[in-house]
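A short write-up of the structure that comes next.
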Amino acid sequence: MEVHWLEQSASEVPADDSWLSANEVVRLNAMRIAKRRADWRLGRWTAKQAVAAQLHLSADLCRLAEIEIRPQTSGAPQAFVNNLRAPLDISISHRQAMGLCAISSTEGALGCDLEFVETHSDEFVRDFFTVEEQRLIAETPEADRIWLVTVLWSAKESALKALGEGLRLDTRSVSVRLGEYRFGDGWHPLQVARDVGETFHGWWSMAGDLVRTIVSSPAPGLPVRLRNGHFENKAD
């Protein structure tokens, strides 16, 4: 399964709403909390840019309004172009004024997540991680533990999105395993196994304090970055 990804910052989102569809404007206007509005606009902007790049469509603002990101019954995003379902699977994440969209033209289950590295309490680890994950965290040098917890948590979020459940599902119902890794640039493999037997394969990467994870079924190849409508080198 070939998966592409695009990252955008809040500073790249236009101030006006001319790139939103009529339905999206209605939904946006129903939101009263400023942060929620900003996050939602960032997610839609990132997803529309990714869809336009994937389908080789114009990224002009008026053309982006022809792309609509609609929530499925589960809440997962779905892309439409001129009211027709686009032949794509997408997943969206945003955190601290950064947006991420993973996208694939192959039918399957897809999830992505974006996190900034931050300290989590021991109670957080006990409440949300499996016994196996807790053991891995405990055996990891303290200096690397903060990064590891973030990666594991992000991978869980990605898998729960791929399942169409999000945090409605117990995070301990999925268990993350990392392949050989070092904390640094590049993509590193991971697996997320569900307690009922289903397994997702995927990747994680870290740039500074920013962690990205992408998982899918079928298993994805090395994620390819989208930038300015082009596919970048797979090692990016």
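The values are calculated or read from the model by the stated rules, or taken from the named source; none is laboratory data. This is a predicted model, so every value here is computed, not measured. Here Cβ is always computed from backbone atoms with ideal geometry, including for glycine, and neighbour counts include all displayed protein chains. Remember, those area values only see protein heavy atoms, side chains included, never the ligands or the DNA or RNA. Shrake-Rupley method; radii C 1.70, N 1.55, O 1.52, S 1.80 Å.
Structure notes:
- Residue 133 meets all of the listed conditions (1) of a type in the set (D, E, K, R); (2) open to solvent by 60 Å² or more (accessible area, probe 1.4 Å); (3) at pLDDT 95 or above but one, namely (2).
- Residue list for region 183-220, restricted to those being open to solvent by 60 Å² or more (accessible area, probe 1.4 Å), under 30 Å from residue 9 (Cβ atoms) and touching a residue at least 60 places away in the same chain (Cβ under 8 Å): 209
- Among (1) open to solvent by 30 Å² or more (accessible area, probe 1.4 Å); (2) under 30 Å from residue 192 (Cβ atoms); (3) more than 17 Å from the chain's Cα centre (by Cα), the one test that residue 34 misses: (2)
- Selected residue (criterion: most open to solvent (accessible area, probe 1.4 Å)) from residues of region 165-182 that are under 22 Å from residue 127 (Cα atoms) and not in a helix (DSSP H, G or I): 177
- Test result for residue 75, exposed (fewer than 15 other Cβ atoms within 10 Å of the Cβ), touching a residue at least 40 places away in the same chain (Cβ under 8 Å) and within 22 Å of residue 22 (Cα to Cα): yes
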